[in-house]
Amino acid sequence: MADAIGLDVPIAALSRQHARTVTNKLLSLDLKGSTVRRYLKDIRAVINFVIREHDIGTQNPFSHIDLPDDGRSNRDNRISMPASVIEATLKDLANKENQQPYVVFAILYMTGARLAEITGLKCKDVILDDDVPHICIRPNDIRRLKNDWSVRNIPVCPATQALLREALRLAADDEALFSRYKKGRGADRASAWLMKVIRRYTADKKVTVHSLRHNFRDRIRKIGVAMERGNALEGHRYSRGEEANYGHNSAEWLKVLYGEIIRINKNIRL
C-alpha cells in the first residue's frame, strides 16, 4: 500500500480506484492469485476494523474485488513430496550440526501438522507422560493458528515421541521447543531454510515443505482412515453439520486418534 498509494490517505478518503491501484501493484509482483487474495483479505480486515472502531461512515473500497483467474486450481499448487526427496532431505538434515531443522522436518512428516504449528510449539505443549502421548496445538505468543479447528491435540507414535524427546533435550531450559524459530516470522525462516535443502533434490516448484501434509493425507487415504478422524488429526473441520461441534476433546476420542496415527505411520522408518 505504501508503494502503490502512500500511507497518508485518510481512511474516509479511500476510493475504489485506490483499491484497484493496490490490487494492480500486487498483481504486477507476479504473485500467485491465492497470495494476492490473502493480502487483500488482510488489508480489508484492517480497514474494516478501523471503520468500525472509529465510527467512520464509509464503505470499505477493498470489498468484493474480482481477480483474474490464473488458470490453476488449488489441486495444482502443491503435490506430495516424492519418497526419494524425503529420504534425501532427512539424511541431509541429520548430518547438520544444528539438529532442530531435522527434528522439525521429521515431526511434520509424521504428524501432518502445519509448519507454524510445529515451529511455534512450547515445551509445555509436549505431553509425553500421558496415557496418550500427544502435542497440544494452541495459540501462543510465538504464532497464531489458521482457524479454531487448528486448535487440537495430536497423538504421537513412538517414533515421533523420540523426536520430541530430542527436541526437549535441545531446548534445554528454553520455554520454546524450537528456540531458533520463536522470534519474528520464525515459520517463514524455517521454511526458507528447509526449502534450500529440499531444492537440492528436486526442482519441482510444486514440492514444498507444505507437501508433507499431502503425504500425510495420502497415507490416510491409503489405509482408509475415516474422514472425520483424518480431519481431526490435520486440523480441519470435521463436517459442515452442527454435530461437528460436539465430543471432539474427550480422552476417549484422543485414544481413537492415537490408534489411527499408529496405523498411518506404521511403515515409516526415519
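Structure summary
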| read-out | value |
| --- | --- |
| Gaussian network model of the chain, Cα within-10 Å springs - most flexible of I86, I43, I118 | I43 |
| Extension gain from I223 to D148, taking 0.36 nm per residue of separation minus the Cα-Cα distance | 24.3 nm |
| L27/A203 FRET efficiency (R0 25 Å; Cβ-Cβ; nearest 0.05) | 0.45 |
| Accessible area in square angstrom per residue, segment 72-169, 1.4 angstrom probe | 47 Å² |
| Under 12 Å, Cβ to Cβ, from A2 - net charge with Lys/Arg +1 and Asp/Glu -1 | -1 |
| Radius ratio Rg over Rh of segment 113-189, counting only Cα atoms, Kirkwood formula for Rh | 0.94 |
| Between 0 and 90°, nearest 10: helix 251-264 axis offset from the chain longest Cα axis | 80 degrees |
| Degrees separating the helix 100-111 axis from the principal Cα axis of the chain, which is the longest one | 80 degrees |
| Accessible solvent surface per residue of segment 1-40, calculated while the other protein chains remain in place, 1.4 angstrom probe, Å² | 63 Å² |
| Of [x] 153; [y] 174; [z] 199, the label for volume of the Cα convex hull per residue in Å³ derived from the coordinates | [y] |
| Reachable aspartates and glutamates, given that their alpha-carbon falls under 18 Å from the alpha-carbon of K182 and they are not under 8 places away in the same chain | E117, D125, D141, E166, D173, D174 |
| In degrees, nearest ten, helix 158-171 long axis to first principal axis of the chain (Cα) | 70 degrees |
| Candidate lysines - alpha carbon under 20 Å from K183, same-chain residues fewer than 8 apart omitted | K122, K124, K146 |
| The chain - percent of accessible surface contributed by carbon and sulfur, probe 1.4 Å | 49 percent |
| Cβ crowding within 10 Å averaged over residues, with 26-38, 1-13, 157-169 ranked highest first | 157-169, 26-38, 1-13 |
| Efficiency of FRET from Cβ geometry, S84 and W253, R₀ 30 Å, rounded to 0.05 | 0.25 |
| Dipole in debye (nearest 20) - the chain, about Cα centre, beta carbon charges: Lys, Arg +1; Asp, Glu -1 | 820 debye |
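The values are calculated or read from the model by the stated rules, or taken from the named source; none is laboratory data. Remember, predicted model here, so these are calculated numbers, not experimental data. Counting neighbours? That spans all protein chains shown, and the Cβs are built from the backbone with ideal geometry, glycine included. Each accessible area value is taken on the protein alone, full model and side chains, heavy atoms only, with ligands, DNA and RNA left out. Shrake-Rupley method; radii C 1.70, N 1.55, O 1.52, S 1.80 Å.
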